[in-house]
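Every number here is computed from the coordinates shown, using simple stated rules; none is lab data. Here the structure is a predicted model, which is why all the values come from computation and not from measurement. Cβ coordinates were reconstructed from backbone atoms using ideal geometry, including for glycine residues, and neighbour counts include every protein chain displayed.
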Amino acid sequence: MRQLFSLLAFTLPLPAFAAEPPKGAVALFNGRDLTGWHGWDIHAKGASPSDVAKLSADERASKVDTWTADAKKHWSVQEGALVNDGKGAYLATEKEYGDVELWLEYRTVAGADSGVYLRSTPQVQIWDSNQKFDEKNPNRRPHLGSGGLFNNTPGAPGRDPLVLADKPFGEWNAVRVVQVGERTSVWLNGKLVVDHARMENYWDRKQPLPRTGKILLQTHGGEIRWRNLFVREIFAPEANDILRAAHAKGYEPVFNGKDFAGWAGALENYEVTDGAIVCKPGKGGNIFTREEFADHIVRLEYKLPKGGNNGLAIRYPGGAVHVATQAMCEVQILDDTDPKYAKLDPRQYNGSAYGMIAAHRGFLRPVGEWNVMEAAAVGHTLTIELNGTRIVYGDLSGVTEFKDRTPHPGKDRLSGHFGFAGHNDAVAFRNIAIKKLEARK
């Protein structure tokens, strides 16, 4: 099997200049050569991640060889730093990463424009913050500083940095990134410049950010130097803690982890186990909060058994009614990786507004692991995030086509209870909290 660089260099000690990797992290750059990296002329024709994914293994290897040959003309190692002259193919990690904590340092020159791709997608922006605001190009605002998610939609959270944190030319800048799902936080020189913002999929804004991808170093317009590049992969338990803690102000628990105080419905069919509400096997029915909610966000964790099925009742009217049609919606909670669900209507898969809007798939954790979900009902708009990635966004009032042509008269409800719609499987829910939102005027 062809390999571009020997992986053995990762086992050798780092140069004396280099900092020690943070706990649990590994070095992406060994301080001596391009081990672990290849070139990627990502803006060439047929070079987008989706185009490359369609290639055969041999075709892909040939392209990578060509790009790497070009990269070697413009990238070098000088005094233990990775240096680019402002031209040529970008550098991409051989390995793909999902949820990560990333550290790096860079030093650049006047007029330079650079960045860091995450999951093969642009980018955490790096540029010359001394440039003045250009009234002819108002969406390009380098004077606000580096670290923003520049390729987000103009005006979207995270696109512009919260503060100007760049150091003067000639000094090294330190970047730290924490990314869980699409949710991305960036610190530049110790200052928070992006606070848990969604990183959009530049390649197709209708699609979520890919679950995994490569880390790329983008360069054009001037020399840039990189050093102390470290990455630590974040696994499900820690990722869930990060998502649950983010912007937690305003969320109030609706389940105390001990009993069903504040709940009603078919409570005899559920039990509280290890701080979680669990549907009893072979049982089901609807349980719900006694309190009703108008505009709100519910944040919770859930764990599925193999083939498990349940649902979130959003703005549910109460009583023994069909949640999917009589509530604003039922958000499907389903182990849709089970073969028995291979031929469902797309609007039945995990995270979907059942029978109305299909969710993007591929973001569910393996059976037996806890997932974090947020469901936001604002007016008639429903937004669902799963493990930090937005999988549903739509206006239910505009839905006119339904699964099995079954009407959903409840879809226009603007208030109701929150609850669960059990379907005989031991699905577990915990850390259930709701944030009330002010109604839009």
Return the whole-Å distance between the Cα centroid of region 322-380 and the Cα centroid of region 39-113. 37
The computed P(r) of the chain puts the percent of Cα pairs beyond 42 Å at 24
Rg/Rg_ref, region 240-436, where Rg_ref = 2.2 N^0.38 Å and atoms are Cα: 0.92
So what's the angle, to the nearest 10 degrees on a 0 to 90 scale, between helix 236-245 and the longest Cα principal axis of the chain? 80
Between residue 338 and residue 44, what's the calculated FRET efficiency when r is the beta-carbon distance and R0 is 30 Å? Round to 0.05. 0.15
Taking amide H positions as placed 1.01 Å from N in the peptide plane, with prolines and chain starts having none, which residues 5 or more places from residue 184, or on another chain, fall under 5 Å of its amide H? 196, 197, 198, 199
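Tell me which GluC sites (Glu not before Pro) from region 310-415 have a DSSP coil assignment and no more than 13 other beta carbons within 10 Å of their own.
Qualifying residues, ordered by number: 401.
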In region 136-206, what GluC sites (Glu not before Pro) fall in a loop by DSSP, with at most 15 other Cβ atoms inside 10 Å? 171
Would you list, by chain and number, the aspartates and glutamates whose Cα falls below 17 Å from the Cα of residue 340, excluding same-chain residues fewer than 8 positions away? 425
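Sort 355-364, 138-147 for me by packing, meaning the mean count of neighbouring Cβ atoms within 10 Å per residue, highest on top. Walk me through the intermediate numbers first.
Values: 355-364: 20.9, 138-147: 18.7.
Per-residue Cβ counts within 10 Å, averaged per peptide and sorted highest first, yield 355-364, 138-147.
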